Ligand code: PHE
Ligand code: CO
């Protein structure tokens, strides 16, 4: 972070995770010296496990970018060190946060190429699943692709789009959130050697890394902007449907137009349940639906 954009430190916050410096903006300083041996071991275990799973499963660009950043398994990375590399590559800066931010704050950070990263890491008994995003999900899952110039631009454009959708209203915001969910969090990409993962929610989950690519249960459908923005999703189970892009350029091109008329069109259409396949879909695989929860989607 440049000294100019350095937020002013205002107080110390006492949380159940310890005493953490907080800034006026809700930004916290990564309390790196306070990470315990257990915290570093959790990072090391998760990192080694995911890297092994992701060879041949994650997009080649994700793996390349992660190496280029200098993330290693031995200890939790220092945001300041990653920032030296990231700022030079694409102008993005990581900022520490306590957890999920109010939507508008989140969008404004993205629009200004600041990516909020949760400072704390899950407990050793939460290796396989945690409800909220922690440091591992944010740093391992989201940050590598910010090294990719096209994806880096997509994320900043998304932030600007978020500020706009927030002003338009809750329905527009919901449409935009679905786009984030099915691309940034749970997106698949078609590469020369086959389907690969790029969504952070998948790459940071050992179970879903395998499920998203290899299970017969989910649908895998070609990306279509308005189709995605109409589709409900699951927050408590593996996705019933994954949407597949051909390239990050495709994502950039599809989302470049002004969404204002898109939101207006979508407002007159029904939402699509998470597991539904439409006649108009480009179906790469129709899921068997095995093991799907039957209660309502988010
Ligand atoms: N083009 C979108 C708009 O006008 C903004 C956007 C860009 C949204 C990229 C998502 C991703 O609102
Ligand atoms: Co996430």
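The values are calculated or read from the model by the stated rules, or taken from the named source; none is laboratory data. Keep in mind it's a predicted model, so treat the numbers as computed, not measured. Cβ sites come from the backbone with ideal geometry, for glycine too, and all protein chains shown count toward neighbours.
Brief remarks on what is shown
- Considering the range 52-73, the residues that are surrounded by fewer than 18 Cβ atoms within 10 Å (Cβ to Cβ) and under 19 Å from residue 134 (Cβ atoms) include one that is modelled with the lowest pLDDT, namely 72.
- Of all the numbered requirements in (1) outside any helix (DSSP H, G or I); (2) loosely packed, with under 15 Cβ neighbours inside 10 Å; (3) modelled with pLDDT of 95 or more, residue 95 misses one, and that requirement is (2).
- Pairs where the first residue, in the range 234-259, is closer than 16 Å to residue 178 by Cα and part of a loop (DSSP other than H, G, I, E, B) and the second is modelled with pLDDT under 95 and within 16 Å of ligand 2 (Cβ to nearest atom), C-beta under 7 Å, 6+ apart: 234/298; 235/298; 239/233; 240/234
- Restricting the first member to the range 169-186 and to residues that are within 13 Å of residue 226 (Cβ to Cβ) and without any contact (Cβ under 8 Å) to a residue 60 or more places away in the chain, and the second to residues that are more than 13 Å from ligand 1 (Cβ to nearest atom) and not in a helix (DSSP H, G or I), the beta-carbon pairs closer than 7 Å and six or more apart or on different chains are 178/231; 178/233.
- Residue in the range 222-233 that is closer than 17 Å to residue 249 by Cα and more than 16 Å from ligand 1 (Cβ to nearest atom) present: yes
- Residue in the range 109-124 that is surrounded by fewer than 16 Cβ atoms within 10 Å (Cβ to Cβ), touching a helix residue (DSSP H, G or I) at 6+ places or on another chain (Cβ under 7 Å) and part of a loop (DSSP other than H, G, I, E, B) present: no
- Scope the range 125-156; condition part of a loop (DSSP other than H, G, I, E, B), without any contact (Cβ under 8 Å) to a residue 40 or more places away in the chain and either over 11 Å from the mean Cα position of the chain (by Cα) or within 15 Å of ligand 1 (Cβ to nearest atom) (or both); matching residues: 130, 131, 132, 134
- Lone qualifier among 237, 205 - being at pLDDT 95 or above and within 23 Å of residue 58 (Cβ to Cβ): 205
- Test: residue 280 is modelled with pLDDT under 95 and in a loop (DSSP other than H, G, I, E, B): no
- Selection status of residue 263, within 16 Å of ligand 2 (Cβ to nearest atom), on the phi < 0 side of the Ramachandran plot, within 24 Å of the chain's Cα centre (by Cα) and buried (at least 19 other Cβ atoms within 10 Å of the Cβ): no
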